[in-house]
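Nothing in this text is a laboratory measurement; each read-out follows from the coordinates by a stated rule. Being a predicted model, the structure only gives us computed values, none of them experimental. Cβ sites come from the backbone with ideal geometry, for glycine too, and all protein chains shown count toward neighbours.
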Amino acid sequence: MIEKLVIIGSGPAGWTCAIYAARANLNPLVYEGAISEENRLRGTLPLGQLNATTDVENFPGFPKGIMGPDLMMAMREQSEHVGARIITEDILSVDLSRRPFTLTDTAGTVLQAHAVVICSGASANYLGLPSESQFKNHGVSACAVCDGALARFRGKPLIVVGGGDSACEEGNYLTKFASSVHLVYRKTRDKMRASQVMVDRLLSNPKVKPIWNSTVEEVLGNDKHGMTGARIKNIVTGETQTVDADGMFVAIGHTPNTGFLKGQLQTDPAGFIVLPVPGRSLTSVEGIFAAGDVADPIYKQAITAAGMGCKAALDAERWLASQSVH
C-alpha cells in the first residue's frame with residue numbers, strides 16, 4: 001500500500017496540516033516523533049516546542065491563555081478525531097529521488113508515499129548550561145515574542161544573550177515590558193554580527209545595558225521563584241559579576257530539524273527549507289511540501305506555523321488530484 005500523504009512532525013504546522021488533510025479524505029499518516037532521551041535532549045519530543053511551554057497567551061481563541069501541553073494535546077486529539085493516523089516514531093531517512101517516495105522510520109518500517117509534508121520544526125539553540133536547563137520555562141526562554149509579555153517579566157530586569165539580528169530584535173521587543181535589558185555578548189559592539197541599523201536602534205534605547213566580552217556562566221534561582229539572576233564572566237579579564245534578572249532570553253539562533261533529508265531538498269545557508277514559490281508550501285522536489293519553523297527563518301510562531309500547515313495540506317491535496325491520486 002502506498003500512502004497518499006505522510007506528515008513528518010507534530011507541532012502546530014503538523015497537526016493543522018493533518019486536520020485539513022484528513023477532512024479532505026487524504027487519510028494522512030502523521031509521524032509525531034519518538035519518545036526518546038535523544039529527542040528530549042534535542043528538544044524534539046512529540047508535540048513540538050509548545051509542549052514544553054507553560055503559559056501561551058498569543059494563540060487566538062484563548063482569552064485567558066492556555067498551557068502549552070493542553071493546546072498541543074487538543075490539536076493532536078482533533079487530528080485523530082477527523083481521521084488522521086499517528087505513529088510515535090521518527091523518520092530516520094528518506095529517498096526523494098523517485099516517486100513514490102520511500103521513508104524509513106526508527107522502528108525499521110519502510111513505507112512509500114505519493115506526497116510528503118515536512119513539519120519537523122527548528123530547535124532553538126541554547127548555551128548548554130545545566131542551570132539553563134533547570135530554569136527553562138521558569139525564566140529562561142528562547143522567544144521574546146512568545147514569552148516577553150508574560151506577567152513574570154513585566155517591569156523586571158531581563159537578560160538577552162547574543163549579538164546578531166535576532167538578539168537585537170529580541171532586545172528591542174523586550175524593552176516594551178522590562179525595566180531594563182542587559183545585553184550579554186562575548187565580543188564588543190563593533191564586532192556584533194547584527195546589521196548596523198539594528199545595533200544602533202537597540203543600543204540607543206536607555207533601557208539597554210550592554211555587557212561586552214562576556215558570557216553567562218550560570219543561571220541563578222530557586223524552585224519557588226524560578227530564575228532570579230545570572231553569573232556573568234568577562235572572558236578578557238576573568239572577572240565575574242552577578243546580574244539580578246527575572247528572565248534570560250537566549251537569542252543565538254535555531255537549528256532546523258532536517259538532518260534526515262541528507263541534502264535532498266534545497267535549503268538556505270542556515271539549513272531552513274527553501275520554498276521557491278512565495279506564499280506556497282512547495283519545495284525544490286515536486287510532491288514534497290514544507291510548513292512551520294523548518295521552512296520559516298523569520299517568524300517562528302505557533303500561529304504562523306499553523307497557517308503554513310493549512311496551506312501545505314491544500315497544496316498537497318491539489319497536487320495529488322493533479323496526479324490522479326484520490
| remark: Calculating Cα Rg over 2.2 N^0.38 Å from this structure picks out, from (1) 1.27; (2) 1.06; (3) 0.96, entry (2)
| message | If each DSSP helix of 4+ residues adds -39,500 (n - 2.57) and the sum is divided by the residues in the chain, what number results at 222 nm, nearest 500 deg cm²/dmol? | response | -7000 deg cm²/dmol
| query | Reachable aspartates and glutamates from residue 300, Cα under 18 Å, same-chain residues fewer than 8 places away excluded? | reply | 55, 57, 147, 165, 169, 170, 268
| message | Please list, in order along segment 119-135, the HN-Hα scalar couplings obtained from phi with the Karplus expression 6.51 cos²θ - 1.76 cosθ + 1.60 (θ = phi - 60°), rounded to whole Hz, x for Gly and Pro. | response | 10, 7, x, 9, 8, 5, 7, 10, 6, x, 7, x, 5, 5, 5, 4, 10
| field | Of every Cα-Cα pair in segment 218-293, the percent that sits beyond 20 Å | value | 56
| note | In whole Hz, the Karplus estimates of ³J(HN,Hα) for segment 42-58 (6.51, -1.76, 1.60; θ = phi - 60°; x where Gly or Pro) are 8, x, 10, 5, x, 6, x, 5, 5, 5, 9, 10, 8, 6, 10, 10, 10
| query | What residues have an amide H closer than 5 Å to that of residue 93, excluding those fewer than 5 places away on the same chain, when H is modeled at 1.01 Å from N in the peptide plane? | reply | 104
| task | Would you mind checking which residues have amide H under 5 Å from residue 65's amide H? H placed 1.01 Å from N; only 5 or more apart, or other chain. | result | none
| request: Would you grab the residues whose amide H sits under 5 Å from the one on residue 30? Only those 5+ places off in sequence or on another chain, please, with H modelled 1.01 Å from N. | output: 7, 85, 86, 87
| task | Calculate the length of the line joining the C-alpha centroid of segment 250-322 to that of segment 46-90, in whole Å. | result | 20
| field | Residue among 47, 129, 71 with the largest mean-square fluctuation in a Gaussian network model of the chain, springs linking Cα atoms under 10 Å | value | 129
| field | Degrees separating the helix 302-322 axis from the principal Cα axis of the chain, which is the longest one | value | 20
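So, counting K/R as plus one and D/E as minus one, what does the shell of residues with Cβ under 12 Å around residue 182 add up to?
Net charge in that neighbourhood comes out at +1.
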| request: Round to the nearest 10 and give me the degree value, 0 to 90, for the angle of helix 68-81's Cα axis relative to the longest principal axis of the chain. | output: 10
| said: Of the candidates 207, 300, 64, which one comes out as most mobile in a Gaussian network treatment of the chain with C-alpha springs shorter than 10 Å? | reply: 64
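With a/c under 1.5 counting as rounded, go ahead and sort segment 1-114 into rounded, prolate or oblate using the C-alpha gyration tensor (a ≥ b ≥ c being the square roots of the eigenvalues; past the cut-off, prolate if a/b is larger than b/c, else oblate). Mind dumping the intermediate values first?
On the way: a/c = 2.75, a/b = 1.49, b/c = 1.84.
Judged from the Cα gyration tensor, segment 1-114 comes out oblate (a/c at least 1.5, b/c at or above a/b).
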| note | Rounded to the nearest whole number, the per residue volume of the convex hull around the C-alpha atoms of segment 150-295 in Å³ is 164
| task | For each of 93, 131, 281, 120, count neighbouring Cβ atoms within 10 Å of the residue's Cβ, then give the residues from fewest to most. | result | 93, 131, 281, 120
| note | Between residue 104 and residue 225, the FRET efficiency computed from the C-beta separation at R0 = 30 Å comes out, to the nearest 0.05, as 0.05
| task | Apply the Karplus parameterisation 6.51 cos²θ - 1.76 cosθ + 1.60, with θ equal to phi minus 60°, to every residue of segment 271-281 and state each ³J(HN,Hα) to the nearest whole Hz, in sequence, with x for glycine and proline. | result | x, 6, 5, 7, 10, x, 9, x, x, 10, 9
| note | Under a Gaussian network model of the chain whose springs join Cα atoms within less than 10 Å, the largest fluctuation of 88, 258, 188 belongs to 188
| request: Could you please rank 72, 1, placing first whichever residue has the fewest other Cβ atoms within 10 Å of its Cβ? | output: 1, 72
| task | Check cross-link reach from residue 262 to the aspartates and glutamates: straight Cα distance under 12 Å, and skip same-chain residues fewer than eight apart. | result | 95
| field | Zone of residue 322's modelled label, taken as backbone nitrogen in segment 287-305 under 14 Å from a point 7 Å along Cα→Cβ | value | 287-289
| field | Calculated FRET efficiency for the pair residue 193/residue 240, C-beta based, R₀ 25 Å, to 0.05 | value | 0.50
| request: Would you list, by chain and number, the lysines whose Cα falls below 17 Å from the Cα of residue 233, excluding same-chain residues fewer than 8 positions away? | output: 187, 209
| note | Net charge near residue 194 (other residues with Cβ under 15 Å of its Cβ; Lys, Arg +1; Asp, Glu -1) is +1
| If the viscosity is 1.002 mPa s and the temperature 20 °C, what translational diffusion coefficient in µm²/s does Stokes-Einstein give for segment 253-326 when Rh comes from Kirkwood over Cα pairs? | 168
